[in-house]
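The values are calculated or read from the model by the stated rules, or taken from the named source; none is laboratory data. These figures come from a predicted structure and were not determined experimentally. As a convention, Cβ positions derive from the backbone with ideal geometry for all residues, glycine included, and neighbour counts pool all protein chains shown.
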Amino acid sequence: MTIDWSWIGDHTDDLTSLTFSHLQAALTAVFLGLLISLPLAVVAHRVRPLRGFLLGLSNVLFTIPSIAIFVLLLPISGLTRTTTVIGLTVYTLVVLLRNTVEGLDSVPAKTKEAAKAMGTRPLRTLLTVELPLALPVIMAGVRIATVMSISLVSVATYIGDGGLGQLFTDGFQRDFPTPVIVGVVLTLLLAVVADAALVALQYVLTPWKRRRA
Amino acid sequence: MFELFKNLAKWLTSGSQWAGTDGIAHRLAEHLQYSLLATLIAAAIGLPLGLLIGHTGKGAFLAINLASFGRALPTVGLVVLVFLASGLSMWPVYIALVALAVPSIVTNTYAGMTAVDPDVKDAARGQGMRGHQVLFQVELPLALPLIMTGLRLALIQVVSTATVAAYVSFGGLGRFVFDGLAQRDLVQVLGGAVLVAVVAIVLDLGLSGLQRFLFRHRTA
Amino acid sequence: MNRRTLLGALAGTAVAVPVLSSCASGVTSLDGGGSTGGGSASSKNGVTIGTANFTENQVLGYLYAAALEAAGVKVKVRPNLGTREIVFPALKSGDIDLLPEYQGSLLTYLQPRSKVAEAGEMQNALTLALPSGLQVLPYGIAEDADCFVVTRATARKYGLTSLADLAKHNGKLVIGASAEVKTRQVGVVGLKDVYGVEFKEFKSLDSDGPLVKGALKKGDVDVANLFTTDTDIKANDWVVLTDPKTLIPSQHIVPLIADRVADPTVRKALARLGNLLTTAQLTELNRQVDKDKKDPEDVANTYAKQHGITK
């Protein structure tokens with residue numbers, strides 16, 4: 001199994017565009033996942049009876065094989081980026097929802113009471129007190145969801161998308177290891193860079209943690 | 001949509017669908033074999049590693065980062081790569097599944113170990129316990145809930161991903177997903193997906209039941 | 001209808017004699033009258049070409065692209081979209097407009113039990129079987145047929161030269177092919193109906209890909225379903241079983257297109273390419289992609305330039 005270095009040199013443009021397409025799919029999914037799980041998490045946090053149901057549902061969705069989700073979405077959203085993104089979003093929910101609920105749980109009751117005593121309205125308390133304090137736990141979820149999505153995007157190569165995953169099917173069909181190795185390495189790099197960027201983002205978003213440190 | 005679910009019910013309950021080498025029963029057995037064996041191998045690698053790191057506190061940074069690196073490994077890419085290297089064999093499947101499961105097991109085992117109160121460990125040492133006694137009699141039992149969480153997570157991921165075996169010509173429930181795709185039979189795809197989900201959920205419930213049984217004395 | 005059949009048959013004979021191949025373009029004129037519903041078709045807004053998940057289809061997709069671009073049509077290629085089962089619905093829904101297809105495979109996809117095998121008849125059968133909004137354009141002279149192959153050793157051991165010989169060893173041989181071959185006429189069903197063949201086991205592998213070829217090499221399967229343009233057949237000295245009762249249909253390459261973009265410019269450009277590209281040339285292009293690891297796009301563009309499609 002040797003690497004054909006000249007192939008890599010000849011395909012830098014393709015590799016760049018595949019990498020960006022890969023990243024875009026993963027990030028869109030995490031963003032949508034957050035958009036969905038934030039309100040759901042607030043509901044799960046406040047309404048105890050719904051909590052088990054929502055977390056259980058996200059768990060069940062997580063057990064469905066990703067390839068099957070993509071295929072089953074085909075009659076609905078076709079061979080489009082939308083199919084890829086919906087499929088990936090479903091998988092981010094399990095981590096994002098759980099971590100957001102746990103993050104909200106971790107906010108001390110006293111803090112919330114203090115906000116209430118100061119006459120802060122519930123929505124404002126949520127936005128300015130609870131969510132910021134829950135941020136570290138939520139961000140931990142975002143990091144896991146991002147890395148997971150980046151790894152999963154390639155499954156969508158079975159439905160003609162999949163960013164760097166295209167390199168896997170290509171290499172498979174032609175008995176050609178170079179694209180496959182390059183695809184795996186770029187996926188890992190992408191995950192590492194995205195994770196580092198999220199750590200930096202968290203650092204920026206939680207200034208109070210820095211001052212204390 | 002209703003039609004689809006009606007056909008699904010028919011597919012799942014028909015006796016002929018369950019029989020034979022390409023029947024549900026056989027595919028289910030194959031799927032369980034791949035998943036359980038891969039998870040066992042992953043546990044054999046991940047548990048000692050996590051315990052060692054947690055107990056000694058050495059190499060934690062490296063191990064945790066490697067684990068998150070491992071989580072980013074694209075399964076499809078790994079399967080294809082090992083396939084190109086080894087040819088038609090079960091290696092691609094097992095290597096990919098083990099690589100998928102190890103990170104969850106290592107990180108959760110390590111997290112469980114670090115969550116053990118240092119005062120408890122000191123107290124144990126103070127009573128004259130040796131290193132391995134502290135590990136097995138104090139740390140391990142206390143860390144067990146998180147370790148079990150890691151194992152359960154790994155098992156769910158492996159069960160759901162073992163569908164990939166069908167991509168490289170082997171069996172398991174993934175056969176229904178890939179063959180259904182090729183034969184334009186959405187019922188078969190859905191049936192395969194549902195069976196995988198059910199297996200994952202049943203195994204998870206089983207493990208959580210085991211967990212509760214193991215700790216039945218603790219909270220009482 | 002009669003005229004169509006006649007001309008279709010004419011085009012069919014043209015296949016055997018490449019010199020006469022210009023006759024095939026005679027079919028193009030047919031499309032002017034008849035069922036196209038004409039007026040609204042336009043390629044002005046560009047044509048999106050989809051291709052299935054095997055390399056030859058990508059080469060063809062890029063050849064179509066080169067031909068259309070040379071005719072001034074804006075094109076976009078979406079390579080490697082998946083199996084026909086995934087790509088075909090995308091054509092209907094509008095995600096793609098044009099797809100390089102194979103007569104026989106397309107027809108058995110639309111009508112799994114179809115027994116039509118001759119090229120001209122098949123063209124008509126396709127026209128009838130396609131859902132509204134889609135049509136096939138005149139087929140090209142190049143052909144990539146299904147075939148069933150065994151290794152030289154297996155052929156010797158069981159005395160196999162034709163598909164009929166397989167029936168002498170019913171219940172003993174294992175066949176490997178992609179999953180759909182199990183349920184379609186040009187596959188397990190037809191082999192039983194036409195030749196009385198019964199296999200010991202069917203192994204779901206891939207369409208002329210690394211799995212089925214690997215399994216044949218390793219001896220995991222005795223019989224493999226491959227395509228005639230695969231250079232590995234010759235390279236491995238595999239034996240293609242003959243088909244005396246014509247179970248295997250004609251598999252000329254045929255553009256499957258959405259009515260909305262099938263304007264005269266597109267039709268002419270694709271007909272021209274269809275009359276130019278031969279089976280031998282296509283086999284060579286496949287070899288360059290599969291063995292020399294060249295890009296399908298580059299291989300197609302070089303061919304287009306060498307043969308005067310583009311400058």
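Those strands (runs of 3 or more DSSP E) of the range C:198-280 in which 3 or more residues are within 14 Å of chain B (Cβ to nearest Cβ) and on the phi < 0 side of the Ramachandran plot occupy C:201-205. Every listed requirement among (1) at pLDDT 95 or above; (2) outside the structural domain of C:Leu60 (by TED's automatic domain parsing); (3) crowded, with 20+ Cβ neighbours inside 10 Å is met by C:Gly140 save one, (2). The criterion of at least 3 residues that are away from chain C (no Cβ under 14 Å), touching an Asp or Glu at 6+ places or on another chain (Cβ under 8 Å) and not acidic (Asp, Glu) is met, among helices (runs of 4 or more DSSP H) falling completely within the range A:87-189, by A:131-152.
Just one of (1) crowded, with 20+ Cβ neighbours inside 10 Å; (2) within 21 Å of B:Ile201 (Cβ to Cβ) fails for A:Phe53. It is (1).
Applying the criterion of being in contact with a strand residue (DSSP E or B) (Cβ under 9 Å, 6 or more places away or on another chain) and closer than 16 Å to A:Gly160 by Cβ to the residues of the range C:66-81, the residue that is nearest to the other protein chains (Cβ to nearest Cβ) is C:Leu81.
In the range C:120-137, the residues that are more than 17 Å from C:Pro249 (Cα to Cα) form Cβ pairs under 9 Å with partners that are buried (at least 18 other Cβ atoms within 10 Å of the Cβ) and among the aromatic types (Phe, Trp, Tyr), at six or more places apart or across chains, as follows: C:Leu134/C:Phe88. Checking each residue in the range C:180-197 for being within 13 Å of another protein chain (Cβ to nearest Cβ) and among the charged types (D, E, K, R) picks out C:Glu180, C:Lys182, C:Arg184.
I'd like to know if the range A:5-17 contains one or more residues that are surrounded by fewer than 18 Cβ atoms within 10 Å (Cβ to Cβ), away from chain B (no Cβ under 14 Å), modelled with pLDDT of 90 or more and closer than 16 Å to A:Ala156 by Cβ. For the range A:5-17, residues surrounded by fewer than 18 Cβ atoms within 10 Å (Cβ to Cβ), away from chain B (no Cβ under 14 Å), modelled with pLDDT of 90 or more and closer than 16 Å to A:Ala156 by Cβ: present. Among the residues making up the range B:193-216, a single one is charged (D, E, K, R) and at pLDDT 90 or above: B:Asp204. If you filter the range C:281-292 down to residues that are surrounded by 16 or more Cβ atoms within 10 Å (Cβ to Cβ) and of a type in the set (D, E, K, R), you find that the one that is nearest to the other protein chains (Cβ to nearest Cβ) is C:Asp290.
Inspection of the range C:109-131 finds no residue satisfying the criterion of being in a strand (DSSP E or B) and on the phi < 0 side of the Ramachandran plot.
Just one of the listed residues (B:Asp185, B:Asp122, B:Asp117) is of a type in the set (Asp, Glu) and either buried (at least 18 other Cβ atoms within 10 Å of the Cβ) or facing chain A (nearest Cβ under 10 Å) (or both), namely B:Asp185.
Counting only residues that are within 13 Å of chain A (Cβ to nearest Cβ), give me the helices (runs of 4 or more DSSP H) lying completely in the range B:1-88 with at least 2 of them.
B:2-13, B:24-56, B:60-71, B:75-86
Of the residues making up the range C:63-90, those that are part of a helix (DSSP H, G or I), farther than 19 Å from C:His252 by Cβ and more than 15 Å from the chain's Cα centre (by Cα) are C:Ala65, C:Ala66, C:Leu68, C:Glu69, C:Ala70, C:Ile86, C:Pro89, C:Ala90.
Quick grid of which residues meet (1) farther than 21 Å from C:Ala142 by Cβ; (2) in contact with a Phe, Trp or Tyr (Cβ under 8 Å, 6 or more places away or on another chain); (3) modelled with pLDDT under 85; (4) of a type in the set (Val, Ile, Thr):
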{"residue": "C:Gly82", "(1), (2), (3), (4)": "yes, yes, yes, no"}
{"residue": "C:Val87", "(1), (2), (3), (4)": "no, no, no, yes"}
{"residue": "C:Ala90", "(1), (2), (3), (4)": "yes, no, no, no"}
{"residue": "C:Asp95", "(1), (2), (3), (4)": "yes, no, no, no"}
{"residue": "C:Leu99", "(1), (2), (3), (4)": "no, yes, no, no"}
{"residue": "C:Tyr102", "(1), (2), (3), (4)": "no, no, no, no"}
{"residue": "C:Leu106", "(1), (2), (3), (4)": "no, no, no, no"}
{"residue": "C:Arg113", "(1), (2), (3), (4)": "yes, no, yes, no"}
{"residue": "C:Gly120", "(1), (2), (3), (4)": "no, no, no, no"}
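The number of residues in the range B:122-131 being modelled with pLDDT of 85 or more and part of a helix (DSSP H, G or I) comes to 5. Do you know which of the residues in the range B:190-209 that are within 8 Å of chain A (Cβ to nearest Cβ) and surrounded by 24 or more Cβ atoms within 10 Å (Cβ to Cβ) is nearest to B:Thr13 (Cα to Cα)? Filtering the range B:190-209 for residues that are within 8 Å of chain A (Cβ to nearest Cβ) and surrounded by 24 or more Cβ atoms within 10 Å (Cβ to Cβ), the one nearest to B:Thr13 (Cα to Cα) comes out as B:Gly192. Condition check for A:Arg81 on (1) surrounded by fewer than 20 Cβ atoms within 10 Å (Cβ to Cβ); (2) within 14 Å of chain B (Cβ to nearest Cβ); (3) modelled with pLDDT of 90 or more: one failure, at (2).
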